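The values are calculated or read from the model by the stated rules, or taken from the named source; none is laboratory data. Predicted model, so just to flag it, every value in this text is computed and none were measured. Cβ atoms come from the backbone with ideal geometry, glycine included; neighbour counts cover every protein chain shown.
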Amino acid sequence: MKCIVGMSGGVDSSTSAALMKERGFEVVGCTFRMFESAKSQAAVDNARRVADFLKIDHEVVDCIIEFKQFVIDYFIESYESGFTPNPCVMCNRFIKFRYLDLLRLKYCADILVTGHYVQLKRRDDRIELFQAAELRKDQSYFLYGVDQEILKIAEFPLGGHPKSHTRELARRFGLHVSEQPESQDICFLANHDYVSFIKQHSTRSYVDGDIVDTSGNVLGKHSGTINYTQGQRKGIGLSGGPFFVCGIDVNRNQVIVSDKNGVKVGKIFLKDVKFLNEEYLGVCEVKVRSISEKNTAHIGKSNNSYYVELDQPEYGVAPGQHCVFYRGNLLLGGGIVRSENSV
């Protein structure tokens, strides 16, 4: 049997490739060139070195144009509109898995494989995704938008084991990336500095404006709305408080602040909702950030629009974030937070 393995040059994907070869698969490694930078080139070089060591075929796929369209432009436009995007969700949905599947077809491979920490189970004609065995490393949040048909021919060999086991395997295989530190950055950013990235890649200018309270009273000045995100507390630049960013009015060039109650949300309205299998309405658990704890909630629907009512209010839920649904450790689906949320 033959498989396509997405290889980013890191320890997880490299170990996944080695595991599939050990299991007897004919492995073809695939590395995406999604943007031009020294960081991107280093990832390609690392992946190629691992592929050479494992004696497997390796292909570099240039998807710079598509990555710009579906990920970078989305990322910039979201911040410019006052939203808080998650580019990794969009990359998995529109770039990584789609291009891995195209390469699978090209090589007449049976399955595609990635190093994501998530567990997959096949039940009759459907796929179920569960959180990883080590919840601290779970990446199911980022996969809710991947098409069911692609997941049917996917495999995630690391999801049932802790990260420490992955490193042990990498050492056993003799991979040079076995001690490579984990990357916490969005892949195309340097040092989490999204503001500098946007200014570098956008033609818009970001002028100073007013910081106002919810009654419209001017409290101070901001240095451009892209420097702020809803729910933000630190770095607002006001005395007194504490103040929280509860809204960003791009049209008026205003940052709106309040006390903590002003960023408390009990009901979340959603758009672009996707369910992994059938539509689910009722009691579930949700995460509005990949690193947040789950919150018990109820998924409802009104006039063909979905909403989530939370048992316990969340603070700082921002338009553009992804709200992902679970029942226990089973991934149900998710959607994008709209702006009209309330307590």
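Miscellaneous remarks
- Of residues in region 137-180 being part of a loop (DSSP other than H, G, I, E, B) and among the hydroxyl-bearing types (Ser, Thr, Tyr), the one modelled with the highest pLDDT: TYR144
- When residues in region 189-223 are screened for being β-branched (Val, Ile, Thr), loosely packed, with under 13 Cβ neighbours inside 10 Å and at pLDDT 90 or above, 3 of them pass.
- Considering residues of region 89-114 that are under 13 Å from the mean Cα position of the chain (by Cα) and β-branched (Val, Ile, Thr) only, the residue surrounded by the most Cβ atoms within 10 Å (Cβ to Cβ): VAL89
- Filter result for ILE268 (farther than 30 Å from PHE130 by Cβ and in a strand (DSSP E or B)): no
- Test: residue in region 193-216 that is within 30 Å of LYS294 (Cβ to Cβ), assigned to a helix (DSSP H, G or I) and within 26 Å of the chain's Cα centre (by Cα): yes
- Filtering region 36-57 to residues that are closer than 16 Å to PHE173 by Cβ and either within 22 Å of the chain's Cα centre (by Cα) or surrounded by 12 or more Cβ atoms within 10 Å (Cβ to Cβ) (or both) leaves ASN46, ALA47, ARG49, VAL50, ALA51, PHE53, LEU54, ILE56.
- The condition (being farther than 16 Å from GLY333 by Cα and of a type in the set (A, V, I, L, M)) is satisfied by just one residue among VAL118, VAL146, VAL195: VAL195.
- Residues satisfying the stated conditions in region 280-304, i.e. charged (D, E, K, R), modelled with pLDDT under 95 and surrounded by 11 or more Cβ atoms within 10 Å (Cβ to Cβ): ARG289
- Filtering GLY235, GLY231, GLY266 for residues that are within 28 Å of the chain's Cα centre (by Cα), buried (at least 18 other Cβ atoms within 10 Å of the Cβ) and among the small types (Gly, Ala, Ser) leaves a single hit, GLY231.
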